Structure formats: structure tokens, C-alpha cells
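Here is the structure we will look at.
The values are calculated or read from the model by the stated rules, or taken from the named source; none is laboratory data. Source: prediction; values computed, not measured. Glycine also receives a Cβ, built like all others from the backbone with ideal geometry; neighbour counts cover every protein chain displayed. Accessible surface is based on the protein model in full, side chains and every heavy atom, while ligands, DNA and RNA are left aside. Shrake-Rupley method; radii C 1.70, N 1.55, O 1.52, S 1.80 Å.
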Amino acid sequence: MTACSMPNLTSLGTVESRSVLPKDWKADLSDLAGLDLTQPVLELIRRTTSRLPQDVIEAVVANRNLEAEGSRAANTLDTMLENITLADDHVSPLCQDTGTIIFWVRHPFGLSQRRAKEQIRKAVAEATAKSWLRPNCVESLSGRNPGNNMDPFLEGHPVIHFEEREEPGIEISIMLKGGGCENVGAQYRLPEASLGAGRDLGGVRKCILDAVTKAQGQGCSPGILGVAIGGDRVTGYERSKEVILRKLGTPNPDPKLDAFERRLTEEINTLGIGPMGYGGRTTVLGVLVSEMFRHPASFFVSVSYMCWSSRRMDLVLEPSGSVAYR
Amino acid sequence: MKRISTPISEDVIRGLKVGDEILLNGRVVLSRDIGHKFMVEKKPDWLKPLLHEAVIYHCGPVVAHHEDGHWSFVSAGPTTSIREEPYQADVLETYTVRGVIGKGGMGRKTSDALGKVGACYLHATGGAGALLAERVKRVVDVKMLEEFGSPEAFWIIEVEDFPLVVTMDSHGGSLHEDVAQSSLARAKELMASK
């Protein structure tokens, strides 16, 4: 079997040289009222659309090397790796569906969330005008597309979550989640008699197996499953997406859930769904689970499916003024 | 991997079966929701020579319009095909289309038409928009661009070694059904254990 190696991506220097952020740009966190996040967020979007996180690429390569040489599964994963290289090289969108745009902003006391929201929305509109993002936000009933990714009324899109915290720096995470994979997410209420799933980890396992079997290749497998145990219907789904921000290959802080994630990943990869549902070993790249508290009468299991093109990135503004993209 | 070029004869199609991987060369016409409705309701004659023994692609591309007037594709992966299920069989028969490229597979009505006409459903790799755009060698023409808008227009393109998997063939076979059944059986096995 010929092992495939990591794709040859452009150097970090090349990525930096294409930045829309001026070289000497510094974040002045001592003046949070005067801080303008528009340009750093625009650069965050630019990088996220065309380059996958290293851990995701490594997972695709590792799984490719576990598929039989010459099989449909191996060839399909090769196609995906070739796409990763080309999009990075051309700075073009990895996928024409640039997804629902979701942000998580973690900030210290003193940042105006209203102003930060305006700045983030401005960056998204500008990225859309530059064709880095496809206009993916339409009026529900009429289907009318304003063309700028903006929900003008309830400001529901782009989705922006804020959290004030003790640390002095600002962290902004972004996720671009395509429509195909969003459509195969699922929420269960335990006990679930049709699956024989009770209110315990064994019951959660059955829900996850059911969700991934129903999804088949439709969510562009191999996927990454984000799972929230508990919460209410809204917070459970929210957490099931946020958990996908965790890097693949990093351990779950809860040893019980860490073992559970590993077991589920192995079991799902015996289902035979394979890349794009063509059959084969690699059905998921990983399973990421988070436990929440819940109402005693409710036990929800929320599953979000992320496609193989898991576009996410963190922008970190340090008190020193430095800007990092991770 | 088999190389197949348009125009595709019925014999070539009958020789393909689910699971075959092919590299497509030649003419492909892009069409999705509005286009399929239009093809069924209006059945325009000018489409006939373009589609005869050629291939339809369910795709809304990101395109670039260059200063000299020519077009190129920037990102062009498949979109979910099942939305065209009400129209696809009629389109296949009216225009003698030999292949439908898309994502996710289609239903019984389309499967029956594939058998009747002699055509295959060809699955492209979802998310591989940059690579698939690279395999588009030339944008030959575009029809109904003003009327339908760019993502819905009939883009007529020439592809070279466009990588596809036959997931529904002209003999009633469906890889989607095969994988769904075997994976469901395995899931039941797993669920039976603690």
C-alpha cells in the first residue's frame, strides 16, 4: 500500500503576505471603545474559506492511509486532499457553499457587543462583496436573497455568540457550516423507545449511531460529529456546534467522555458508509462530546454533523497588541 | 478508472455499473432548480443539440467574468440532486441525456428513466469545489444568464478528466441503496451490544 503524505500547502509567509490586515496593525486593548475589529475579522474570513485547519487535514491523511489502495474510498479522500491543496494555492473557496457563518466572541469587560456586532457584520458583507463568501442568507418564505449575507430584521445571520470573561485578550472563533451537513443534524429526547435508548451513556451512543446512519453520505462524509448531552433544545444544539471548534486529536477533558469518543469513532467507522457514502471505512474523522446540566424531566441528545471541509479558525488579540490566527 | 467522452453512446452507458469510477471528458450543461422546471415546462428546441448524448450537472458555480469577456469557474462542486426528482425523468427522456452529475443520489422515478433512456447518475465529490473547477477546461457558452441569474443559468462547459462515481446505473442498481442497507444492518448489530 502506498501511503499518501501531507499535502504541500503554501508557507505561512505566503499566507501572511496575502493578508488584508496592514503589517503594522496592532490591537489596542487598553481602548476597547475605540477598537475596530472589521479588518482582523475580514482576514479571519479570508483564511477560513480557503485553508482547512491542520488537524483536519492530518485526520483526512491518516484515514486515507487506512483505506485499501485503489479503493473508491481512498480515491475519494485523494480527491479531497487535492482540493485542499488547490484551494489553498489559489486562495479560492474550498467549497462553493461557504455556509452559515457562525462567530463566538470571548472578550473582557468594556467591549461594546453592539459595536463589535456592527463591525463583524461589516466584515461579512465586505467578504461577500469580494466573493470569498457566497450570499447564503435568503428570506425564508419568498426565497429573496439580499446578496450580502445579512439578515436585516432579527440580525439572525451571521450568527454571533458573545461571552464576557475574566482574561484580558479577545478571542473570536469562526465556523463556516454548509447547508448539506446542517440538514442531517438531529435532536433526540431520551428515553427513545424506537431505539431502545435509555437515559444513560448507552442511550446517547444509540442516538449517535442512529444519526450517523440516517445521514449516510449526505452531509459530505467523512464528517465530524458534535454531540451535546443535556441542556434544553436550544442550548443543546448550540453546544453541539461549539464543541466542533475543538481540535481533532485533543483529548476530552472528561476521561469518561474521552473513552466514549474514541469508542464511538471506531464503531462508526465499521458502518461501511465511507467517504461521500460510496462505501469504505472512513465515515467520520472524529466524535466530540460535551455534557451539560438539564431539567430533570428532559434529557436531550443534540447531534451536529460537520462536513469533511470543516472550516473553522480562531483569531486571538493579545493585550500586547499582537494578532494571531490559529 | 475508465475515461468516457461525450457524445456518449447507449452501449457505453449500458456497460457501466454502480461503483465504477470514471473520468469524464467533453460537454456538460449545468442546470439546477429553475432550469429543470424550465426544461420540463417549455421544452425549448435550442437545448436539444446541446443536451443530446451529453451530461447535466447539478451545480451552482462561483464564476469569474474576465475583462476580455470570457468566463471561468472558481468553485464548482455538486449540489444536492434530490430537489430535481420531480423533473429529472422527463428531462432525461426529452433530451436523451446520458448522465446526471450531482450529490446524494435520486429517487425511483429517475432510476426508472435511467434504465429506459440508457443513462447513469454520476456522483461528484461534495466539497471539492476548487478541484472540480480546475477540471473545467473551458466555459463554452451560457444561456438564460440574465433570466435565471448566475447560479441557476445553463452554463455549457468542457471538462477534462472530471472524477465521478457511478452510483445509479441503467440496470436499476443504486450504490446509495446498497450502502444504506448494509450500514443499517451493521448499526443494528452495534445497537444490540452494550
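Across the stretch B:131-166, what is the total count of residues that are over 25 Å from A:Gly147 (Cα atoms), assigned to a strand (DSSP E or B) and acidic (Asp, Glu)?
3
Are any of the residues in the stretch B:75-98 in a strand (DSSP E or B) and either of a type in the set (Asp, Glu) or at pLDDT 95 or above (or both)? Break it down into steps so the answer makes sense when it comes.
First pass over the stretch B:75-98, keeping only residues in a strand (DSSP E or B): B:75, B:80.
Next, only the ones that are either of a type in the set (Asp, Glu) or at pLDDT 95 or above (or both) stay: none.
Within the stretch B:75-98 (the criterion being in a strand (DSSP E or B) and either of a type in the set (Asp, Glu) or at pLDDT 95 or above (or both)), the answer is no, since none of the residues qualifies.
Among the basic types (Lys, Arg), out of contact with any helix residue (DSSP H, G or I) (no Cβ under 7 Å at 6 or more places or on another chain) and surrounded by 15 or more Cβ atoms within 10 Å (Cβ to Cβ) - does that describe any residue in the stretch B:17-33?
yes
With the requirement that a residue be farther than 14 Å from A:Ala215 by Cβ, open to solvent by 20 Å² or more (accessible area, probe 1.4 Å) and at pLDDT 95 or above, what does the stretch A:168-197 give you?
A:Glu171, A:Arg189, A:Pro191, A:Glu192, A:Ala193, A:Ser194, A:Leu195, A:Gly196 - these are the residues of the stretch A:168-197 that are farther than 14 Å from A:Ala215 by Cβ, open to solvent by 20 Å² or more (accessible area, probe 1.4 Å) and at pLDDT 95 or above.
Residue check: is A:Pro22 part of a loop (DSSP other than H, G, I, E, B) and without any contact (Cβ under 8 Å) to a residue 24 or more places away in the chain?
When the stated conditions are applied, A:Pro22 passes them.
Check the stretch A:289-296 and report whether any residue there is within 24 Å of A:Ile160 (Cβ to Cβ) and surrounded by 24 or more Cβ atoms within 10 Å (Cβ to Cβ).
No, because not a single residue in the stretch A:289-296 is within 24 Å of A:Ile160 (Cβ to Cβ) and surrounded by 24 or more Cβ atoms within 10 Å (Cβ to Cβ).
Quick one: in the stretch B:167-194, which of the residues that are closer than 18 Å to B:Val55 by Cβ and assigned to a strand (DSSP E or B) is farthest from the other protein chains (Cβ to nearest Cβ)?
Among those residues, the one meeting the criterion is B:Met168.
With (1) under 23 Å from A:Glu16 (Cα atoms); (2) open to solvent by less than 40 Å² (accessible area, probe 1.4 Å); (3) within 14 Å of another protein chain (Cβ to nearest Cβ); (4) of a type in the set (Ser, Thr, Tyr) as the list, and A:Thr48 as the residue in question, which single condition is left unmet?
Among (1) under 23 Å from A:Glu16 (Cα atoms); (2) open to solvent by less than 40 Å² (accessible area, probe 1.4 Å); (3) within 14 Å of another protein chain (Cβ to nearest Cβ); (4) of a type in the set (Ser, Thr, Tyr), the lone unmet condition for A:Thr48 is (3).
Does A:Ala297 count as free of Cβ contacts under 8 Å to residues at least 12 places away in the same chain, in contact with a Leu (Cβ under 8 Å, 6 or more places away or on another chain) and not polar (S, T, N, Q)?
No, not satisfied.
I'd like to know if the stretch A:235-246 contains one or more residues that are within 18 Å of the chain's Cα centre (by Cα), in a loop (DSSP other than H, G, I, E, B) and in contact (Cβ under 8 Å) with a residue 24 or more places away in the chain.
Yes: one or more hits.
Output yes when any residue across the stretch B:17-37 is in contact with a Ser or Thr (Cβ under 7 Å, 6 or more places away or on another chain) and assigned to a helix (DSSP H, G or I), and no when none is. Write out each step before concluding.
Step one: of the stretch B:17-37, the residues in contact with a Ser or Thr (Cβ under 7 Å, 6 or more places away or on another chain) are B:18, B:25-27, B:32.
From the residues that got through so far, the ones that are assigned to a helix (DSSP H, G or I) too are none.
Within the stretch B:17-37, none of the residues are in contact with a Ser or Thr (Cβ under 7 Å, 6 or more places away or on another chain) and assigned to a helix (DSSP H, G or I).
If I go through the stretch A:55-112 residue by residue, how many of them are closer than 30 Å to A:Ser30 by Cα and in a loop (DSSP other than H, G, I, E, B)?
Residues in the stretch A:55-112 being closer than 30 Å to A:Ser30 by Cα and in a loop (DSSP other than H, G, I, E, B): 5 in total.
Listed here are the residues, each with its yes/no results for (1) crowded, with 24+ Cβ neighbours inside 10 Å; (2) within 14 Å of chain A (Cβ to nearest Cβ).
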position	(1), (2)
B:Glu41	no, no
B:His52	no, no
B:Val55	yes, no
B:Gln88	yes, no
B:Arg98	yes, no
B:Met106	yes, yes
B:Val117	no, no
B:Ala124	yes, yes
B:Leu131	yes, yes
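What pairs can you find where one residue is in the stretch A:119-140 and open to solvent by 60 Å² or more (accessible area, probe 1.4 Å), the other is at pLDDT 95 or above, and their Cβ atoms are less than 8 Å apart, with a gap of 6+ or different chains?
Between residues of the stretch A:119-140 that are open to solvent by 60 Å² or more (accessible area, probe 1.4 Å) and residues that are at pLDDT 95 or above, the close pairs are A:Lys122/A:Thr38; A:Glu126/A:Thr38; A:Glu126/A:Leu42.
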